[in-house]
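Below: the structure, in structure tokens.
The values are calculated or read from the model by the stated rules, or taken from the named source; none is laboratory data. On a predicted model such as this, the values are computed, not experimentally measured, just so you know. A quick note on method: Cβ atoms are made from the backbone with ideal geometry, for glycine too, and the neighbour counts reach across all protein chains shown. All accessible areas refer to the heavy atoms of the entire protein, side chains included, with ligands and DNA or RNA removed. Shrake-Rupley method; radii C 1.70, N 1.55, O 1.52, S 1.80 Å.
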Amino acid sequence: MNTINILWRSMKWSFQNPISILLTIIQPLIWLVLYSAIAGDSMQNMSGGNYTAFILPGIMVLVILACCSSGGYLNFIAKSKGSFYRILIAPVKRRSIVLGQMLDSVLLSFIEIAIMFILSLFLSVRIASGFTGLVLMLPLIFLTAFFMSGLSYAISLCLPNEVIYETIMNLIVLSVFFTSPALFPMESISGGLKIAVMLNPFTHIINCLRSLILETSIDWQNLLLVTSVFICLCLGSFILALWRLKKETIN
């Protein structure tokens, strides 16, 4: 129940400030609509079909990264208003506080991705693997958002102010996005950059989502492997966020 209350409190703030939701989705929408239109003709042969469908998984991950990064920003607002410290001294389990705020970022990520997916339908994007593929995309999106929200939460508790936090998160988001096959097929990447791309865990999420969108068959082995890796990453980010909050309580 405490987790639900924390989640509702965070969601209430988000919907009372809809500009925050708009700002996190406007840049990915620009990428999806304008970049696919501008680069679509030149990239059509490389992507093997609808370039908008090809970059959609990468833009979905970009939405998640942006949305979860803004979630950590709430800690600084809560600290400035004093509500952060009131929650700390309240009889609420620390894991409920962390989980509630993380789930807020996850839920907002789903809302924004749903908006983007509906828009992509008007751009002739279809899921080749059908309803099964659509269902399988949901846990991948959840795990990606949960991992990133925990990481953002932990980082926000390590930094003194929102300016430094925003700078660091922008660096992380851009680094993750541009060292992934979000805009280009893996075959066009070589050398040291390819090693960096392969080490990026979001690369494999993007490839799984892309496979579900573009291919009729489902690679169950790769899907289960990536899911298992991200379950471990999610547990790690949650433990890290919980540890940082407990340390904040001690301080």
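Got a number for residues in region 221-236 being among the small types (G, A, S), under 14 Å from I205 (Cβ atoms) and surrounded by 12 or more Cβ atoms within 10 Å (Cβ to Cβ)? Steps first, please.
Narrowing region 221-236 to residues among the small types (G, A, S): 228, 236.
This time we only want the ones that are under 14 Å from I205 (Cβ atoms), so: 228.
Those still in the list that are surrounded by 12 or more Cβ atoms within 10 Å (Cβ to Cβ) too: none.
Residues in region 221-236 being among the small types (G, A, S), under 14 Å from I205 (Cβ atoms) and surrounded by 12 or more Cβ atoms within 10 Å (Cβ to Cβ): 0 in total.
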Please indicate, with yes or no, whether at least one residue in region 208-220 is open to solvent by 40 Å² or more (accessible area, probe 1.4 Å), at pLDDT below 95 and either within 20 Å of W31 (Cα to Cα) or touching a Leu at 6+ places or on another chain (Cβ under 6 Å) (or both). yes
Filter region 94-121 for residues that are closer than 30 Å to A78 by Cα, open to solvent by 30 Å² or more (accessible area, probe 1.4 Å) and touching a Leu at 6+ places or on another chain (Cβ under 9 Å) and give the result. R94, R95, L99, L103, L107, F110, I115
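Rundown of residues vs (1) out of contact with any Gly (no Cβ under 8 Å at 6 or more places or on another chain); (2) at pLDDT 75 or above; (3) within 18 Å of L7 (Cβ to Cβ), yes/no style:
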residue: D41; (1), (2), (3): yes, no, no
residue: I55; (1), (2), (3): yes, yes, no
residue: V61; (1), (2), (3): yes, yes, no
residue: S70; (1), (2), (3): yes, yes, yes
residue: L74; (1), (2), (3): yes, yes, yes
residue: L123; (1), (2), (3): yes, yes, no
residue: G130; (1), (2), (3): yes, yes, no
residue: G133; (1), (2), (3): yes, yes, no
Candidate set: region 203-251, residues that are over 22 Å from V92 (Cβ atoms) and of a type in the set (F, W, Y); chosen: the one nearest to the chain's Cα centre (by Cα): F230
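With the condition kept exactly as written, say whether any residue in region 122-132 is open to solvent by less than 10 Å² (accessible area, probe 1.4 Å) and either under 12 Å from the mean Cα position of the chain (by Cα) or among the β-branched types (V, I, T) (or both). Full working, then the answer.
Of region 122-132, the ones open to solvent by less than 10 Å² (accessible area, probe 1.4 Å) are 125.
Retained after the next criterion (residues that are either under 12 Å from the mean Cα position of the chain (by Cα) or among the β-branched types (V, I, T) (or both)): 125.
Yes, the conditions are met somewhere in region 122-132.
Is it the case that some residue within region 234-248 is closer than 22 Å to T132 by Cα and either out of contact with any Pro (no Cβ under 6 Å at 6 or more places or on another chain) or among the aliphatic types (A, V, I, L, M) (or both)?
Taking region 234-248 as the starting set, the residues that turn out to be closer than 22 Å to T132 by Cα are none.
Looking through region 234-248, none of the residues is closer than 22 Å to T132 by Cα and either out of contact with any Pro (no Cβ under 6 Å at 6 or more places or on another chain) or among the aliphatic types (A, V, I, L, M) (or both).
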Test of understanding: among L140, L136, L171, L193, which residue is part of a helix (DSSP H, G or I), within 23 Å of V98 (Cα to Cα) and aliphatic (A, V, I, L, M)? L140
Please indicate, with yes or no, whether at least one residue in region 181-202 is open to solvent by less than 80 Å² (accessible area, probe 1.4 Å), closer than 30 Å to I89 by Cβ and touching a Leu at 6+ places or on another chain (Cβ under 9 Å). no
Count - residues of region 138-154 that are within 14 Å of L65 (Cα to Cα) and open to solvent by 30 Å² or more (accessible area, probe 1.4 Å): 2
